[in-house]
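The values are calculated or read from the model by the stated rules, or taken from the named source; none is laboratory data. Owing to the predicted nature of the structure, the values given are computational and were not obtained by experimental measurement. Reconstructed Cβ throughout: ideal geometry from the backbone, glycine too, with neighbour counts over all protein chains shown. When the accessible area is computed, the model is the full protein with side chains, heavy atoms only, and any ligands, DNA or RNA have been set aside. Shrake-Rupley method; radii C 1.70, N 1.55, O 1.52, S 1.80 Å.
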Amino acid sequence: MARIGAVGELFGTDGVRGVANEELTPEMALNLGRVMGSLKSKVAVAMDSRISSSMLKSAVIAGLTSCGCDVVDLGIAPTPALQYYVKCKDEIEGGIVVTASHNPREYGGIKFIQEDGREFTRDMDAECERIYKSKSFRFASWDRIGQVYQDEYKMLYINGILSKVDSDAIAERRFKVVIDCGNGAGCVTSPYILKVLGCDVISINAHPDGRFPQRNPEPVEENVGLLKKVVKEVGVDLGIAHDGDADRATFVDEKGRFISEDVMLALMAKYYVERNGGGKVVTPVSSSKCVEDVVKVAGGEIVYTPVGSPVVAETMLKVKAVFGGEGNGGLIFPEHLLARDGAMSFAKVLELMALENKPISELVKEIPKYHMIKTKLPCRDKIRLLEGLKEKFPDANFTDGARIDYEDSWILIRPSGTEPIVRIFAEAKSKKKAKELVEFGIKVVKEILGE
């Protein structure tokens, strides 16, 4: 596979993001709309619930229509709902989602979507960046300016998910579920999907609010304290939390304990490989070894990629993977959509619980336990660091940075694609060993950089 880890000046690991009205301005959004409008004739646009998203979406639509591109405005929608809409509608040639996903409330973001629902690849981002910088836009004459239409996407998306899960098995169990939409785009679809699946639903933070008053959008353990509390006090089968655009989902078990995102990735990978009698699972080099362990035991094969969901999805398409995802709550179900989908994730988790007739706490006990530690250091000479790592560890995996695997542990030293830092990930069976590996990684980085 060609190296796709590089990130441009404008497009980061997953679209364009920046502090709204400071780094990501309406002028930038206008020209990003013009980029897509110069490439496509009809595009669907949606946004998350952020305060800045309506402003940025208006600018994007202005840019699209100024180039003669027609627009279908879906309003507030989860990113995967927009992606599914684009995939299913033959006349739609692409999509733009105005979202900063899990970033803090002050950020805005813009993400480009391909005709098949996948995010733009690195090569596509590079071409868009070239058009943006050269301003070689395809402007339309006054009588060929694009028009704006509205359409309903919710039932198309919801029915798409329901058609890919065992709805009867889930409904029969009458699960009691708490869903924390985080005041994001998932508010408009996720509680309803759970209701249709026959669940007894308790919703929290379930109205769109771009101030994110209760918690930050990223659904990591430190941000979902209210969800853990409600699950424990009310007594339910599962707790679910979304990020700002609902392409990710994290989970809390029936005892109110947060389940590691890597453990959930491994659990679903195991389920899919067993169900398919083998197959390939695609995940970034930063994912826990527990994923590789369960995939191999189930008779499958692991395929590692650089960090970032677009490259995971692209690789899944190339190798015909049965499943893929990242260790951040972003799971990809190829029979549904080659992109992360938080609602599909909780539907599949409920399906597994129903078919196995086990609580989620029992299911995750089957996943091998590892301890992961992450840290970061300043790094302004990434080329020197990578060359030094290749010299010191010639047998390492250089898919994205340097990953050195040992018998029951590994370390990843990865220069950031967007910041002047290097990230160090270490994982082992014991915290002590993981800590030793991180310290070893810090020492190696400092030695190579001469610090």
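Take the residues in segment 142-153 that are touching a residue at least 24 places away in the same chain (Cβ under 8 Å) and either open to solvent by 30 Å² or more (accessible area, probe 1.4 Å) or part of a helix (DSSP H, G or I) (or both); name whichever of them is nearest to residue 88 (Cα to Cα).
151
Is there a residue being farther than 26 Å from residue 61 by Cβ, open to solvent by 70 Å² or more (accessible area, probe 1.4 Å) and touching a residue at least 40 places away in the same chain (Cβ under 8 Å) anywhere in segment 175-191?
Looking for residues that are farther than 26 Å from residue 61 by Cβ, open to solvent by 70 Å² or more (accessible area, probe 1.4 Å) and touching a residue at least 40 places away in the same chain (Cβ under 8 Å), one finds none in segment 175-191, hence no.
Answer yes if at least one residue in segment 208-222 is within 20 Å of the chain's Cα centre (by Cα) and either hydroxyl-bearing (Ser, Thr, Tyr) or in a helix (DSSP H, G or I) (or both), and no otherwise.
yes
Report, ordered by the first and then the second residue, all pairs with beta carbons closer than 9 Å, sequence separation of six or more or different chains, a first member in segment 261-280 that is at positive phi and among the acidic types (Asp, Glu), and a second member that is at pLDDT 95 or above and part of a loop (DSSP other than H, G, I, E, B).
Nothing qualifies.
Given the structure, is residue 196 open to solvent by 60 Å² or more (accessible area, probe 1.4 Å), touching a strand residue (DSSP E or B) at 6+ places or on another chain (Cβ under 8 Å) and among the β-branched types (Val, Ile, Thr)?
no
Just to be sure, is residue 329 surrounded by 20 or more Cβ atoms within 10 Å (Cβ to Cβ), touching a Gly at 6+ places or on another chain (Cβ under 9 Å) and assigned to a loop (DSSP other than H, G, I, E, B)?
Yes, satisfied.
Only one residue in 233, 218, 254 is closer than 18 Å to residue 331 by Cβ and open to solvent by 10 Å² or more (accessible area, probe 1.4 Å). Which one?
Residue meeting the stated conditions: 218.
Which of the following residues is in a loop (DSSP other than H, G, I, E, B) and buried (at least 21 other Cβ atoms within 10 Å of the Cβ): 239, 244?
Going through 239, 244 in turn, the sole match is 244.
What's the total number of residues in segment 403-421 that are touching an Asp or Glu at 6+ places or on another chain (Cβ under 7 Å) and within 19 Å of residue 378 (Cα to Cα)?
1
Residue-by-condition table, conditions (1) hydroxyl-bearing (Ser, Thr, Tyr); (2) closer than 25 Å to residue 188 by Cβ; (3) at pLDDT 95 or above:
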site	(1), (2), (3)
7	no, no, no
11	no, no, no
29	no, yes, yes
54	yes, yes, yes
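Each row is one residue, and each column tells you yes or no for (1) open to solvent by less than 10 Å² (accessible area, probe 1.4 Å); (2) farther than 19 Å from residue 39 by Cα; (3) free of Cβ contacts under 8 Å to residues at least 60 places away in the same chain.
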site	(1), (2), (3)
56	yes, yes, yes
81	yes, yes, no
84	no, yes, no
106	no, yes, no
109	yes, yes, no
114	no, no, yes
118	no, no, no
121	no, no, no
